[in-house]
Amino acid sequence: MKYLICYDIPEDDVRGKIVRYLEEFAFRLQYSVFSCNADAKTAALIWQDLLQIVAESDKGSVLMSPLCKSCEKNLRLSGKPLEEEKGFMIV
């Protein structure tokens, strides 16, 4: 299943940790938005890792949402993603 991961973290060091972690396996769509493919077990591990990292932030937040096939087909992105990946319609 495809997952959309977004974050809003004001602290540079914590944000850097999130970015380095996500860049290992996810595609960067925008500066604070990534997508990845994962099974349920892997997604749960990713979520736990993200929670551990964002816990270092006083005001940071992270969102991880599954995208069903129908939702994935209807996802729209205006402009060019930072990294190319199949499955998203760019308008």
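For segment 22-38, filtering for residues that are in a helix (DSSP H, G or I) and either touching a His at 6+ places or on another chain (Cβ under 6 Å) or over 12 Å from residue 5 (Cα atoms) (or both) leaves 0. The single residue among 86, 17, 59, 41 that is out of contact with any Phe, Trp or Tyr (no Cβ under 7 Å at 6 or more places or on another chain), in a loop (DSSP other than H, G, I, E, B), open to solvent by 60 Å² or more (accessible area, probe 1.4 Å) and modelled with pLDDT of 90 or more turns out to be 59. Residue pairs whose Cβ atoms lie under 9 Å apart, separated by 6 or more positions or on different chains, with the first residue in segment 1-13 and among the small types (Gly, Ala, Ser) and the second open to solvent by 30 Å² or more (accessible area, probe 1.4 Å), do not occur. With respect to (1) open to solvent by 40 Å² or more (accessible area, probe 1.4 Å); (2) part of a strand (DSSP E or B); (3) free of Cβ contacts under 8 Å to residues at least 40 places away in the same chain, the lone exception for residue 51 is condition (2).
Scanning segment 20-32 for residues that are surrounded by 18 or more Cβ atoms within 10 Å (Cβ to Cβ) and in contact with a Leu (Cβ under 7 Å, 6 or more places away or on another chain) yields a total of 1.
Residues of segment 14-31 being in contact (Cβ under 8 Å) with a residue 12 or more places away in the chain and either out of contact with any helix residue (DSSP H, G or I) (no Cβ under 9 Å at 6 or more places or on another chain) or among the small types (Gly, Ala, Ser) (or both), which ones? Those that are in contact (Cβ under 8 Å) with a residue 12 or more places away in the chain and either out of contact with any helix residue (DSSP H, G or I) (no Cβ under 9 Å at 6 or more places or on another chain) or among the small types (Gly, Ala, Ser) (or both): 15, 26, 27, 29, 30.
The values are calculated or read from the model by the stated rules, or taken from the named source; none is laboratory data. Treat the numbers as computed from the prediction; the structure is a model and nothing was measured. For neighbour counting, all protein chains shown are included, and Cβ atoms are generated from backbone atoms with ideal geometry for every residue, glycine included. Heavy atoms of the whole protein, side chains included, go into the accessibility calculation; ligands, DNA and RNA do not. Shrake-Rupley method; radii C 1.70, N 1.55, O 1.52, S 1.80 Å.
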